[in-house]
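The values are calculated or read from the model by the stated rules, or taken from the named source; none is laboratory data. Not measured: the values here are computed from a predicted model. Cβ: placed from backbone, ideal geometry, glycine included. Neighbour counts: every protein chain shown. These area figures cover heavy atoms from the full protein model, side chains too; ligands, DNA and RNA do not enter into them. Shrake-Rupley method; radii C 1.70, N 1.55, O 1.52, S 1.80 Å.
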Amino acid sequence: KAILEGGLGAPLVSGDFKLLEVSIHSPSNLGNPLELNHESIFQELNIFEDLFSNVLKGTFTFLDTQGWAEMIPLIGDETLVISYSTPGAGGTQVDTQSQAPDSQTASEEITKQRFKVYDCVEIGGEDRTKTYQLSLVSEEYMFSKKTKVSRGYKGRSYSYITKDIMKKLNREFIGENHKELYIEETLSPQNVIIPNWTPFQAINFCASRSLSADIEPVEQEEGSENSPPIARPTGSLFVFYEKFGTGFFYES
């Protein structure tokens, strides 16, 4: 009964969550983040997940009554920090590292995500109030753009290459900013040369050629030609994408 009435911090509807923090951190205003999750400021927050996009993207819309866009100022080098939890989180500090990505308990813990602000557009306003929309992208996208990978791999699977490339990218992220990486093993060793590409370019190259290591054996009749292996229903089309609050996935 208590759960049905919303007691014990239970979610009332599917997808219910508590937004704990929405703040902007600017290099030109260190130590003084701007909090934007108050109901008089917060307008709309959209986060987009896409199987065919390596990172998360989003938009954040807020009301500006104090001229923050000019005072911070918003120039496209800011970081937007989002912290949220599902109802009931915070009381059970479990070890989420040992749980599956779809663990219900893990999803109820507090999640913190950082985005880079790459655009700020005024979309409305009156005399003393303006409405701004910020365009967001995961920090890893910016670091990938600034990083190059140039090396060769001999006799290594595409899943191994992806893990190695992500190690290079993850050096930029430590502590709570580090994200988990979930990789499905791929079939057969390869000889690959990465010719000075960004990490995401290299991983997408691997994904376009990967075949799942989970294949079905093919029976061969005596005297017939060898049949190619058949991939299980998971398929051989690999994608590399980010899931909000969970991490990066490289899987079929």
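Descriptive notes on the structure:
- Of the residues Leu80, Leu45, Leu36, Leu51, the single one that is over 26 Å from Phe200 (Cβ atoms), of a type outside the set (S, T, N, Q) and at pLDDT 85 or above is Leu36.
- Of all residues in segment 156-211, those satisfying the criterion of being free of Cβ contacts under 8 Å to residues at least 24 places away in the same chain and surrounded by fewer than 13 Cβ atoms within 10 Å (Cβ to Cβ) are Lys167, Arg171, Ile174, Gly175, His178.
- Index of the failed condition, Gly58 passing every other in (1) at pLDDT below 95; (2) under 28 Å from Phe42 (Cβ atoms): (1)
- Among residues of segment 136-155, those that are touching a residue at least 12 places away in the same chain (Cβ under 8 Å) and part of a helix (DSSP H, G or I), counted: 7
- Segment 13-65, residues that are part of a loop (DSSP other than H, G, I, E, B), open to solvent by 60 Å² or more (accessible area, probe 1.4 Å), more than 13 Å from Ile82 (Cβ to Cβ) and among the hydrophobic types (A, V, I, L, M, F, W, C): Val13, Leu30, Leu51, Phe52
- Some residue of segment 156-176 being assigned to a strand (DSSP E or B) and within 20 Å of the chain's Cα centre (by Cα): no
- Matching option when the condition is assigned to a strand (DSSP E or B), in contact with a Ser or Thr (Cβ under 7 Å, 6 or more places away or on another chain) and not hydroxyl-bearing (Ser, Thr, Tyr), among Asn191, Asn196: Asn196
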